[in-house]
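Q: Can you keep this structure in mind? I'll have questions shortly.
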Amino acid sequence: MPQIHFLDVTNRDGVQTARTGLSKFGKTMVNFYLGRLGVAQSEIGFPFLFHEVPYVRAQIALAEAGAFGGLRLSGWCRGVPQDVEKAVAVQAGGKGLAHYNLSISTSDYMLANKFRGKLDRDAVIREMVAAVRAAKASGARTVGVNAEDGSRTDDGFLTEFALAAKEAGADRVRYCDTIGGDTPDRIRERFAKLASAIGIPVETHCHNDLGLAVANSVHGALGDLQAGQDAWINTCVNGIGERSGNADLLSTILAFRHAFDPQVTGAEIGDPIDLSWARRFALWASYAFGQPLPYNQVGVGRNAFAHESGIHADGALKDHGNYELYDEETLGPFPDDWHARAGRVVLTGEYGGKAGFRHVMDGLGVEPADEELAFKLVQLCNAQTGRPLTDDELRLIARHPRELALLFPGAIE
């Protein structure tokens, strides 16, 4: 039976959000939380960029050490062989990334107004095919191919592009609603038609310019399932992303668990989702990105389970199911971090000393794998993030200092 999988792109599309940013240690924490949540795959970033190389090496080492559970790590490259060649050369312990996504624009609009005549349809396919073959030749286990602006690409060329990708060795084709103009009925029909024609999964990548990213992702996935293919859904934590954002990770998961439509809730999720990490992830991301959660953010906003009006309050007091679709306890506890304590508190960070470091680690009940190295990493990570480290961040540092040290080549003797 075809299954649904979640491929989160917070560390690629999400970090491209204007007027915000995330440190490389922060990106590491995104992978940590995705692993705890049970998501299938994380698009961790751009392995061909020089400033991502130490980060990518650290992620490979952390994954090998089990820090991310069963999470698969994938790199994003432009759909050209040169990017792939740079990316596959990035290794840690003799191992590189096993999964890639290769992106190139496919719509006539972008061919005319982005490439400005430098590439035509035939050239787009040639570049993409060469990039897929280069990735597969390097030993990549899976390769996905982006059809950027797929929602504005006509059916004929989209099918031609996808079949060429499959023949070159691609495992999935990513249909990008790049400017967020698709609608649920349209995208489901296009996914079902394309997935049937090419015989491999079509991956959703939906932007939220019309507020339809989650709905479009759900319906695109249904189109895949209708065609007998697995569905792969791109998401971002808290729905962040360029312009109005991407499909929200938690909202999309909740839709497949609690929507009234039996076609949606009857679909099988192939990932071991553990929503007890949902609040910790969402609130950490809000803190790390410096983006306050809207009061009405699905599941994790301040008002997601708040009732005031008389009729609603009366009904919720009698049985919360009168006015709540799902139980708030399934989303896990709210963070209660050491650094947020009121009154007298001793912290550890960039300018802290050994006494404070030991005091906090003892308070968290954590024994660092390498105390001296972990102490230095606390200082470096705090300096990089520019904010107090959370309990989960401190625990990860304590447990995996040797792997995390790869984030800071030359900084630790």
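Q: Looking only at the range 96-148, how many residues end up being part of a helix (DSSP H, G or I) and open to solvent by less than 70 Å² (accessible area, probe 1.4 Å)?
A: Residues that pass the stated criteria total 15.
Q: Okay, moving on. Against the definition (surrounded by 14 or more Cβ atoms within 10 Å (Cβ to Cβ), modelled with pLDDT of 95 or more and touching a helix residue (DSSP H, G or I) at 6+ places or on another chain (Cβ under 8 Å)), how does Arg399 come out, yes or no?
A: No; evaluated as a whole, the condition is false for this residue.
Q: Now for a different question. Six or more apart or on different chains, Cβ under 6 Å: which pairs go from a residue in the range 184-196 that's under 11 Å from Ala221 (Cβ atoms) to one that's at pLDDT 95 or above and of a type in the set (Asp, Glu)? Could you list them?
A: Phe191/Asp224; Ala195/Asp224
Q: So Ile311 ticks every box in (1) more than 17 Å from Tyr287 (Cβ to Cβ); (2) part of a loop (DSSP other than H, G, I, E, B); (3) modelled with pLDDT under 95 but one. Which box is left unticked?
A: (2)
Q: So which residues in the range 367-384 are in a helix (DSSP H, G or I) and either open to solvent by 30 Å² or more (accessible area, probe 1.4 Å) or among the β-branched types (Val, Ile, Thr) (or both), if there are any at all?
A: Those that are in a helix (DSSP H, G or I) and either open to solvent by 30 Å² or more (accessible area, probe 1.4 Å) or among the β-branched types (Val, Ile, Thr) (or both): Glu371, Glu372, Lys376, Val378, Gln379, Leu380, Ala383, Gln384.
Q: Can you work out which of the residues in the range 18-52 that are outside any loop (DSSP other than H, G, I, E, B) and aromatic (Phe, Trp, Tyr) is farthest from Gln82 (Cα to Cα)?
A: Only one residue tops the list, namely Tyr33.
Q: Return the residues of the range 56-99 that are under 23 Å from Val30 (Cβ atoms) and touching a Cys at 6+ places or on another chain (Cβ under 6 Å); say none if nothing qualifies.
A: Result: Asp83, Ala87.
Q: Just give me the residues in the range 19-54 being more than 21 Å from Ser286 (Cβ to Cβ) and either over 16 Å from the mean Cα position of the chain (by Cα) or crowded, with 24+ Cβ neighbours inside 10 Å (or both), in sequence order.
A: Of everything in the range 19-54, those that are more than 21 Å from Ser286 (Cβ to Cβ) and either over 16 Å from the mean Cα position of the chain (by Cα) or crowded, with 24+ Cβ neighbours inside 10 Å (or both) turn out to be Pro47, Phe48, Leu49, Phe50, His51, Glu52, Val53, Pro54.
Q: What number goes with the only condition from (1) open to solvent by less than 60 Å² (accessible area, probe 1.4 Å); (2) of a type outside the set (D, E, K, R); (3) touching a Gly at 6+ places or on another chain (Cβ under 6 Å) that Tyr323 does not pass?
A: The number of the failed condition is (1).
Q: Restricting to the range 306-316, count the residues that are surrounded by 11 or more Cβ atoms within 10 Å (Cβ to Cβ) and out of contact with any Leu (no Cβ under 9 Å at 6 or more places or on another chain).
A: 6
Q: While we're on this one: If you take the residues of the range 293-329 that are touching a residue at least 12 places away in the same chain (Cβ under 8 Å) and of a type in the set (Phe, Trp, Tyr), which of them is nearest to Trp277 (Cα to Cα)?
A: Once the filter is applied, the top-ranked residue is Tyr326.
Q: Report yes if Ser286 is hydroxyl-bearing (Ser, Thr, Tyr), modelled with pLDDT of 95 or more and either surrounded by fewer than 16 Cβ atoms within 10 Å (Cβ to Cβ) or under 26 Å from His5 (Cβ atoms) (or both), otherwise no.
A: yes
Q: With the requirement that a residue be open to solvent by 10 Å² or more (accessible area, probe 1.4 Å) and within 16 Å of Ser103 (Cβ to Cβ), what does the range 1-18 give you?
A: Result: Arg12, Val15, Gln16.
Q: If you don't mind, there's one more thing I want to ask. Which residues, taken from the range 53-86, are in contact with a Pro (Cβ under 8 Å, 6 or more places away or on another chain) and outside any strand (DSSP E or B)?
A: Across the range 53-86, the qualifying residues are Val53, Pro54, Val56, Gly70, Lys86.
Each row is one residue, and each column tells you yes or no for (1) in the same structural domain as Arg36 (by the TED database); (2) touching a Phe, Trp or Tyr at 6+ places or on another chain (Cβ under 8 Å); (3) not aromatic (Phe, Trp, Tyr).
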| residue | (1), (2), (3) |
| --- | --- |
| Phe305 | no, no, no |
| Gly332 | no, yes, yes |
| Arg358 | no, no, yes |
| Gly365 | no, no, yes |
| Asp370 | no, no, yes |
| Val378 | no, yes, yes |
| Pro388 | no, no, yes |
| Ala398 | no, no, yes |
| Gly410 | no, no, yes |
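Q: While we're on this one: Out of the residues in the range 387-413 meeting the condition of being over 22 Å from the mean Cα position of the chain (by Cα), assigned to a loop (DSSP other than H, G, I, E, B) and in contact (Cβ under 8 Å) with a residue 60 or more places away in the chain, tell me which one is farthest from Leu62 (Cα to Cα).
A: Arg387
The values are calculated or read from the model by the stated rules, or taken from the named source; none is laboratory data. Keep in mind that what you see is a predicted model, and the values were worked out from it rather than measured. Note: ideal-geometry Cβ built from the backbone for every residue, glycine included; neighbour counts use all protein chains shown. Only protein heavy atoms, including side chains, enter the accessible area calculation; ligands, DNA and RNA are left aside. Shrake-Rupley method; radii C 1.70, N 1.55, O 1.52, S 1.80 Å.
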